Amino acid sequence: MHFDGIIIRDITLDDLADLANVYALSYIKTKANKCEFEYDYTIDSLHHIAMGLWIKEFKDTQNNSNTQFLKGAYNKSALTGFIHYGSKISLQKKNRGESHVHGLYVHPDGWAEGIVSALFNTAKDDLAAKGYQKMSLLTDSDMIFMRDFYKNKGRAEGRQYYSAAHASRFIEYNFDLGN
């Protein structure tokens with residue numbers, strides 16, 4: 001898929017180092033804006049952590065290729081963002097027809113370049129084409145720009161969750177996929 005010079009395609013094993021870099025830079029930039037910033041990560045340490053995390057997620061998407069998806073946004077052949085989405089899985093059961101965006105990360109240099117919209121719309125269209133009826137996602141309550149993005153997509157804020165592990169409050173958004 002193409003969006004204004006942005007190409008969206010499946011993430012490959014060769015993309016994982018770049019993916020970890022996008023994740024690390026996005027994470028540090030968003031967390032640095034929080035008042036209670038308590039993380040002492042360097043880009044190198046976070047990149048190392050991200051490589052381990054995303055190698056596991058990549059393998060999971062390969063093993064569950066019909067229910068989990070990992071797509072990247074490429075601008076001038078460089079990975080500038082990615083989205084991980086698929087079936088919504090609860091602790092008790094799979095929720096048939098329900099999907100979830102597990103993560104959406106964009107390199108800080110690309111935040112105002114339409115990459116978030118391209119990735120979001122790709123996931124939404126892909127999930128609808130696969131027969132899912134609903135899509136949900138969580139966003140950190142401190143990420144005002146993302147809250148505004150979802151509001152502009154016509155969504156009111158839903159349930160709120162507090163995660164002690166992340167020391168953050170998350171807001172849920174739900175989207176009807178029209179199926």
| Within the range 158-175, restricting attention to residues that are closer than 19 Å to Ser99 by Cβ and not in a strand (DSSP E or B), which residue is modelled with the highest pLDDT? | Arg159
| query | Can you tell me which residue in the range 135-150 is surrounded by the fewest Cβ atoms within 10 Å (Cβ to Cβ), limited to those that are in contact with a Phe, Trp or Tyr (Cβ under 7 Å, 6 or more places away or on another chain) and of a type outside the set (S, T, N, Q)? | reply | Asp140
| query | How about the range 63-85: which of its residues are surrounded by 13 or more Cβ atoms within 10 Å (Cβ to Cβ) and within 20 Å of Tyr132 (Cβ to Cβ)? | reply | Asn64, Thr67, Gln68, Phe69, Leu70, Lys71, Phe82, Ile83, His84, Tyr85
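The values are calculated or read from the model by the stated rules, or taken from the named source; none is laboratory data. These figures come from a predicted structure and were not determined experimentally. Every residue, glycine among them, receives a Cβ derived from its backbone with ideal geometry; neighbour counts consider all protein chains shown.
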